[in-house]
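Input: a single structure, listed below in C-alpha cells.
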Amino acid sequence: MAAAVALLPLGYLVAVAARADPAVLLAQVVRPRSLMLLGSSVGLAATVTAVSVVLGVGAAWLIERTTLRGRRIWGVLAALPLAIPSYVAAFSWISAFPDLAGFSGAVIVLSLSCFPYVYLPTAAALRRLDPAMEETSRSLGIGPYATFWRVTLPQLRPAVAAGALLVSLYTLSDFGAVSILRYDTFTRVIFTSFNSSFDRTPAVVLSGMLVLVTAVIVLAEARTRGRARYARLGSGAARLSARISLGRMRTAAYGGLGLLAATALGVPLLSMAYWLSVGRSGELDLPRIMAAVGGSLVLAGGGAVVTMLLALPVGLLAARYTGRLPGLLERATYLGHAVPAIVIALSLVFFTVRYAFGLYLTVPLVLFAYAVLFLPLAVGAVRASAAQSPPVFEEVARSLGRRPRQVLRTITLPLAAPGIAAGTALVFLAAMKELTATLVLHPTGMDTLAIRLWTETSTRSYAAAAPYAALLMLVSVVPTYLLGRDRRRTGGLADLEPQA
Amino acid sequence: MSALSVSGVDKSFGRTPVLRHLSLDVAQGSIAAVLGPSGCGKTTLLRILAGFEAPDAGEVRIGGRVVAGPSGEVPPERRAIGFVPQEGALFPHLSVRRNVGYGLGRRGDRSVRVLEVLDLVGLAHLVDRMPHELSGGQQQRVAVARALAPRPALVLLDEPFSSLDAGLRGEVRSVVSAAMRADGATAVLVTHDQEEALSCADLVAVMQHGGIVQAADPITVYRAPSDLDVAEFVGDAVKVRATFTGGFAETEVGRLPLRAPLPPDGSGIALIRPEQFVVTNRNGSAAPSTEYGPAVAATAGQQSFLGHDALLVISLSSGAVVTARSLDPGPAGERPVWLSVRGPVNGYVRGGKTQRL
C-alpha cells in the first residue's frame, strides 16, 4: 500500500500524457519556450552542482584532513545551511540584495543551501578512509598532493557523486527559491501555468519533461558509479589518518571557511534580524502568526504520523528480507526523492479534481502528499533502526521460546523505537518546512508558516515575512542540532562489539 | 537415549549443496563439538538444529521428538533449545537479569533460576549491569547462562569463543563447559578450532564437505583419525611412506607398531604425530637402544622455539624431511641426532582416497 501511495501520482501523470494527442504533446515539447526552460533548468542544476562540489569537497578536506583549529565547530557550521529551507535563504538574500534576482542569485542561494549535501558524505568518507592506502602510496614514493589526487580522491568518488546527485535533484525540483528569486525554471513555470490557465496540458508536458530530466540524471549517476570496490579489504581497526599542516596557507583556509559560514549562515541571520527589527516598529500580526503556527503543526504532525504508519511495514520488510519484492517496494517509495514536489502536487490536483473532488484542497490530501514526499525519509529511518537489532537477536529470542509476535514486541520494536521516533521527528520537520505541495494543495483559508512567508515575500513585504522566516529557521535549526547530538550519543551496535 | 539424533540431512542453497546426508547422534548430558574448516557447513547444521533453516531431506530429533522431517518443522520457540551465537548477542536494551530471565517467562522460580545460572558462570555479582558494561568474555558467559536458564533439552553454541582473544578464550571455555556439565546440559558446539573441540567436548564430530567423516571421543579422533584428512585437520601430522606387514609398518624411521584396526598388508602411508618422535644427540655415540626400538641416524636443522616446546626440522638419510616436537630444543644449527618413535602409529593405504581400512 505504501508503494501504491508513492506510485499513484507518477502513474497518473503518465496516464494523462498517454491519453493526450501525441501531436499536441510534441508541439508543446518543441516549443521554443519549453526548450529554453530545459536549458535554464539544466544550466542552473549543473552550475549549482559544480559550485557545491567545489565548496563541499574543499570544506570536507580542510575540516577532516588538515590541522585547522576548531574542527568540530567548523563541522557543525558546514552542515547547518542544510537546515535552512532554501526559500527562507532566498528570502533573506533578495530582501538584502534586491538586484540578485535571476540566475546569479539562484546559483548563490542554492549552492550555499546545497553544498552540505556534498560536504557531509565526503567528510564521512574521509573519516572512514583506510590510512594504510595513503601510507602505502607515500611509501612508494608519491608525494602528499599527488597521493590526494591519485589515491584519496578516487576513493571519495562515490561519496561526492552521491552528494552531487542530491544537489542536482534538489536544484531541479526546487520551487520556492527560484520563484522568490524570479528565475524561470520548470518548477516555477509549471506552477504559474497551472495557476493562470485552465488548460492543464502545458503543466503536464513540462512536468513530464522535468521528470525525464531527473530520471536521466539518476540513471547517469548509477552508470558512472563503475565497478571498482571502495570498501576496506581485510579486517583490523581503522586508524585515523595523519592530518596535514597547511603552513602559510592556513590564513587563507580560515578565511575561506569563514567566508563560507558568513555567506551561508550569516547573511540569512543578519537579514532576518534586520527585517525583524524593522517590522517591530509596525504592528506584529500575532493572531495571524499563531494561526500559521497552528496550521503548520496540524499538517506536519498529521503528515508525520501518516507517513510513519505507511513506512513501518516497508522499512521492516526491507531490513529483514533481501528479495526482489521488498527491494522493489522500497525503491518505489524512493520516488518521492526523485520526483519534484510540484509534479506530485499537480498530479494529485488533477487526480482529485477528476476522481475524488471531495478530497480536493483538503487536509487529508496534503497529508497524502507529505506521505509521498517523505516516505523515503521515514523508510530509511525505520530500516536503519531495524538494522539496530540484527536478526541474531530475534533468533536467540525465538530459541528461548518466544513466538514471533512476542519477539517483535519485546526485542525488535524496543530496539528500533528510538530510531522510529527520530524518523517521525524528521518527517515532522520536513513537512513543517515544505512549501511547494502545501502551497498547491492546502485548504483555502488555512495558513502555514511556509505559505505566509511565501505570500508576504511575493508581495515584497519583507518586514511582514520576517517573523515567519525566523520561526521556520528556529523550527529547522534547533531540532537539527538536537537530533545530531542524540545520534552521536547513542553508540548503537558499537556497544555490542567485544571489548576484550 | 540420544538427546540429539540427526539422520540423513541434506541441505542446499540454490544449486550449492551444503549438507550431504549428514547423520549425528549426541548422548544425553554430553558436549559434542562439530569441528570443521570454515565453509564446511557446520553453521548451517547448527541453524537447522535450531530451526532457523529447514533441511531439504532427513530428520532431526531432539529428546526423541521429531522437530524437523518430512512431516514438517517445529518452530524454534517450541524446540526447547538454547542458542548461543558467535558474539553472544545479548539484548542491548535489557539488563543482565532480564536477558537471562528472557526465556523464563513468568515462572515462579524465575529470579532464583537467573541467579543460579549466573552463579554457574561465575557472574552472579553482575546481575544488574547492562550488556555494554561487560567485557567480551563476560558477555559470552552471560549469553551461555541465558541459554541454560530455561533448562533446554539441547544447547547450541556457534563458535562462541572465537571472538575472544587467545588469553581469555581458554578461561571462558573452561568456565562455560564446567557450567554446562554442572547443569547437566546436552550441548552441540560448532568450531573450527581443534584445540577447543578436543579440550571441552566428550564427542568430536569432524565435518568435511557437508558430512561427518568421524565422530568419536577426542582421544580417538586425535590418535586414531579415520583418514589422513581428519588426521591433518585435528593436529600436526607427519606422513612417511611405509610397508605394512604383520601389524608393523616398515619405514625410514624404523619398524613401528601399528594401531588397530590394522591396514591390509602392502604399501601405504604411516601417520606419526610430531610429539611421538624422540630426539637425542649423536656425537659419535652408538645408537641408543630405547624401549621404542632401534633409533635411526638423522640430522636436526632449523628449529622453531614455541616456549612450551620446540619444533625441529629433521632430515633423514634419504633426504626426506620430518617435523619433530621436542621439549628440549638443544643447540641451534645443524647437528647429528638419533631419531626414534614412541607409541603405535596409524597406517593408511593409498588410493583415490586415503581411507583407513
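The values are calculated or read from the model by the stated rules, or taken from the named source; none is laboratory data. Everything quoted here is computed from the prediction, not taken from an experiment. Positions of Cβ are generated from backbone atoms using ideal geometry, with glycine treated the same way; all protein chains shown enter the neighbour counts. Protein only, heavy atoms only, side chains kept; ligands, DNA and RNA dropped before computing areas. Shrake-Rupley method; radii C 1.70, N 1.55, O 1.52, S 1.80 Å.
B plus A alone minus the pair: what accessible area, both sides summed, probe 1.4 Å, in Å² to 100?
2200
Could you check the spin-label model distance between residue A:357 and residue B:260? Points 7 Å from the Cα along Cα→Cβ, value in nm.
10.0
Per-residue accessible area for residue A:288 at 1.4 Å probe radius, Å² rounded to 10?
Using a 1.4 Å probe on the heavy atoms, I get roughly 100 Å².
If you split all Cα-Cα distances of the protein assembly as shown into 20 Å bins from zero, what percentages do you get per bin, shortest first?
Here the calculated profile for the protein assembly as shown is 12, 32, 29, 18, 7, 1.
Top mean-square fluctuation among B:19, B:49, B:339, Gaussian network model of chain B, C-alpha springs under 10 Å?
Highest fluctuation of the listed residues: B:339.
All other residues with a Cβ under 10 Å from the Cβ of residue B:86 taken together, and with Lys, Arg as +1 and Asp, Glu as -1, what is their net charge?
Overall, the nearby charge balance is -3.
Quick one: how many Å² of residue A:270 are accessible to a 1.4 Å probe, rounded to 10?
130
Going from most exposed to least, what order do B:262, B:312 have by accessible area with a 1.4 Å probe?
From most exposed to least exposed: B:262, B:312.
Where does each of A:200, B:342, A:65 land when they are ordered by accessible area, with a 1.4 Å probe and the largest first?
Sorted by accessible area, descending: B:342, A:200, A:65.
Only four residue types carry charge here, +1 at the Cβ of Lys and Arg and -1 at the Cβ of Asp and Glu. Report the dipole size of chain B about the Cα centre in Debye, rounded to the nearest 20.
580
Would you look at the GNM of chain B, springs on alpha carbons closer than 10 Å, and say which of B:174, B:135, B:95 moves the most?
Most flexible of the set in this elastic network: B:135.
Calculate the dipole size of the protein assembly as shown relative to its Cα centre from +1 charges on Lys and Arg beta carbons and -1 charges on Asp and Glu beta carbons; express the result in debye to the nearest 20.
1280
Where is the GNM fluctuation largest for chain B (alpha-carbon springs, 10 angstrom cutoff): B:138, B:214, B:302?
It is B:302.
Per-residue accessible area for residue A:178 at 1.4 Å probe radius, Å² rounded to 10?
Spelled out: residue A:178, probe radius 1.4 Å, area about 0 Å².
Just how far, in whole angstrom, is region B:31-77 from region A:286-304 if you go by their alpha carbon centroids?
Cα centroid of region A:286-304 versus Cα centroid of region B:31-77: 57 Å apart.
Roughly how far apart, in whole Å, are the Cα centres of region B:239-316 and region B:189-220?
After rounding, the separation between the Cα centres reads 27 Å.
Quick one: net charge of residue A:340's neighbours, Cβ under 14 Å, K/R +1, D/E -1?
-1
Of B:222, B:248, B:190, which is farthest towards the positive pole of region B:168-282's charge dipole, taken about the Cα centre with +1 and -1 on the beta-carbons of Lys, Arg and Asp, Glu respectively?
Looking along the dipole axis, the top candidate is B:248.
For a test of the definition: using alpha carbon positions, the gyration tensor, and the 1.5 limit on a/c, classify region B:54-139 as rounded, prolate or oblate.
Values: a/c = 2.83, a/b = 2.00, b/c = 1.42.
Prolate is the answer for region B:54-139, as a/c is 1.5 or above and a/b outweighs b/c.
Per 0.36 nm of contour for each residue apart, how much would the distance between residue A:19 and residue A:76 grow if the chain were fully extended, relative to their Cα-Cα spacing?
15.5 nm
How many percent of the accessible area of region B:236-355 is carbon or sulfur, using a 1.4 Å probe?
Answer for region B:236-355: carbon and sulfur cover 54 percent of the accessible area.
Rounding to the nearest 20 debye, state how big the charge dipole of region A:382-457 is about its Cα centre with +1 on each Lys and Arg Cβ and -1 on each Asp and Glu Cβ.
I would put it at about 500 debye.
If I model a spin label as a point 7 Å beyond the Cα along the Cα-Cβ vector, how far apart are those points for residue B:115 and residue B:332 in nm?
Placing both labels 7 Å beyond Cα along the Cβ direction yields 5.9 nm.
Compare B:110, B:259, A:409, A:127 by solvent-accessible area with a 1.4 Å probe and give them largest first, with all protein chains kept in place. Before the final figure, lay out the partial values.
Working: B:110 80, B:259 55, A:409 155, A:127 130 Å².
Final ranking, largest accessible area leading: A:409, A:127, B:110, B:259.
Alpha carbon centre of region A:75-103 versus region A:366-404: separation in Å?
One Cα centre to the other: 36 Å.
If Lys and Arg each add +1 and Asp and Glu each add -1, what is the summed charge of the other residues whose beta carbon sits under 12 Å from the beta carbon of residue B:159?
Surrounding charge for residue B:159 is -1.
So in region B:2-232, what percent of DSSP beta bridges are antiparallel if you round to the nearest 5?
Taking every DSSP beta bridge within region B:2-232, about 60 percent pair in antiparallel fashion.
How much mean residue ellipticity at 222 nm does chain B get from its helices, if each DSSP H run of length 4 or more adds -39500 (n - 2.57) and you divide by all residues, to the nearest 500 deg cm²/dmol?
The helix contribution divided over chain B gives -6000 deg cm²/dmol.
Semi-axes of the equivalent ellipsoid for chain B, please: Cα gyration tensor eigenvalues, times 5, square-rooted, ordered largest first, whole Å. All intermediate terms of the calculation are to be shown ahead of the outcome.
Details: eigenvalues 410, 130, 46 Å².
Listed largest to smallest, the semi-axes of chain B are 45, 26, 15 Å.
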